[in-house]
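Visitor: First, the structure itself, so that you have it in front of you.
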Amino acid sequence: MMHRTIATTGAATLAFALLALACNEATISPGVQQDLTPPTISIDKTSQGASGDTVDVADISVQLEGAVEDIGDTTFTTAVTSASFIIDLAFPTNTVAGGYLYITAQAIDGNNNGATALDSIWIVNEDALTVTLDSTGDMLLLPSDTTFYDTLTIPTGAPDGAFTVRGFATDSALRRQQSTPATVTIQSAANDNEPPQVVFHIGFRVEVDDSITVNATDPSGIALIGWEARDLLGLQIGGDSTTLAGNLTDVTQMWTLGFNFTSLPVPVVVTAFAADAVGNRGTATTSSAPP
């Protein structure tokens, strides 16, 4: 198998030849001959030609699959006993092509006898793959836009300090790349005195069955997240909450408001809240009425 390297800093060309030979007549009656034998076809990855034989080659076709997808063919309008059909593949700068290129070639002679040849080329492109870590630590594979999500679990009792996380990916061409490392800091829950950061989304004017979305983040993990609504006298008229295991540092939860007002409009004050795994509580408050 032949290996070719495609540079990512400039265009590259890969060429190979399809060699077809028509041959072998068979006598069926005195003075009359008919070709019953299919032509010979081969794939020459060194792009060299071939010598001829008898009877004519009418058509050569090729199909490429894998690293490059393409179809090509050529039809001969005059009788030829051998032909070399050159396939040139031009790869542009910064191409991501790589891996196996499967070649299927077919030749048909003037009597519709056909033959097929199969081969493959391995294209090496070491610089095409890019891997990065986004701001939340998820691994993003470019440019094929494949995203891998995972949750990093810190063992109980892990000491305070920092460690690094690095993303990696291997594509179908067996090219492997790594991202630049991201630094993650471990903070013991016993030393955490900071409340969770809480934000929520709700319109200034809402329907009684609209929704509210609350997001809370905390290095010690979110153990409780929720919201409550009070009227202008301070009476609670709605709310809900969810209790969690405290092993996720970033939690988003959505609820339906479910207000049961008999007359409208009604001004309310909405407060979202969250508590971390060691009991620190954070809140965010706004009013549903325009400022």
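Visitor: Packing-wise, with mean Cβ within 10 Å as the measure, how do 61-68, 250-257 rank, highest first?
Guide: Values: 61-68: 18.1, 250-257: 15.9.
Going by the mean number of other Cβ atoms within 10 Å, highest first, we get 61-68, 250-257.
Visitor: Just to check, using Stokes-Einstein with a Kirkwood Rh over alpha carbon pairs, what's the diffusion coefficient of the stretch 189-254 at 4 °C and 1.567 mPa s in µm²/s?
Guide: Working: Rh = 13.3 Å.
Reported coefficient: 97 µm²/s.
Visitor: Can you give me the distance in nm between label points at Leu152 and Arg230, each placed 7 Å from the Cα along the Cα-to-Cβ direction?
Guide: Between Leu152 and Arg230, the label points sit 3.9 nm apart.
Visitor: Counting heavy atoms of the protein chains only and a 1.4 Å probe, report the per residue accessible area for the stretch 177-216 as a whole number of Å².
Guide: On the way: 2580 Å² over 40 residues.
Ligands and nucleic acids excluded, the result is 65 Å² per residue.
Visitor: A follow-up question, please. For an R0 of 25 angstrom, estimate the FRET efficiency from the Cβ-Cβ distance between Asn247 and Asp210 and round to the nearest 0.05.
Guide: Details: r = 31 Å, r/R0 = 1.22.
My answer for the efficiency is 0.25.
Visitor: Please give the contour-minus-distance gain from Val184 to Leu118: 0.36 nm per residue of separation, less the Cα-Cα distance, rounded to one decimal in nm.
Guide: On the way: separation 66, 0.36 × 66 = 23.76 nm, distance 5.09 nm.
Computed gain between Val184 and Leu118 is 18.7 nm.
Visitor: Between beta-carbons, use under 14 Å as the cut-off and find the net charge around Leu224, counting Lys and Arg +1, Asp and Glu -1. Don't skip to the answer; put the middle values down first.
Guide: Numbers: positive: Arg281; negative: Asp218, Glu228, Asp240, Asp276.
So the surrounding residues net to -3.
The values are calculated or read from the model by the stated rules, or taken from the named source; none is laboratory data. None of these values were measured; they are calculated from a predicted model. Methodologically, a virtual Cβ is constructed for each residue, glycine included, from the backbone with ideal geometry; neighbour enumeration extends over all protein chains shown. Note: areas computed on protein heavy atoms with side chains; ligands, DNA, RNA excluded. Shrake-Rupley method; radii C 1.70, N 1.55, O 1.52, S 1.80 Å.
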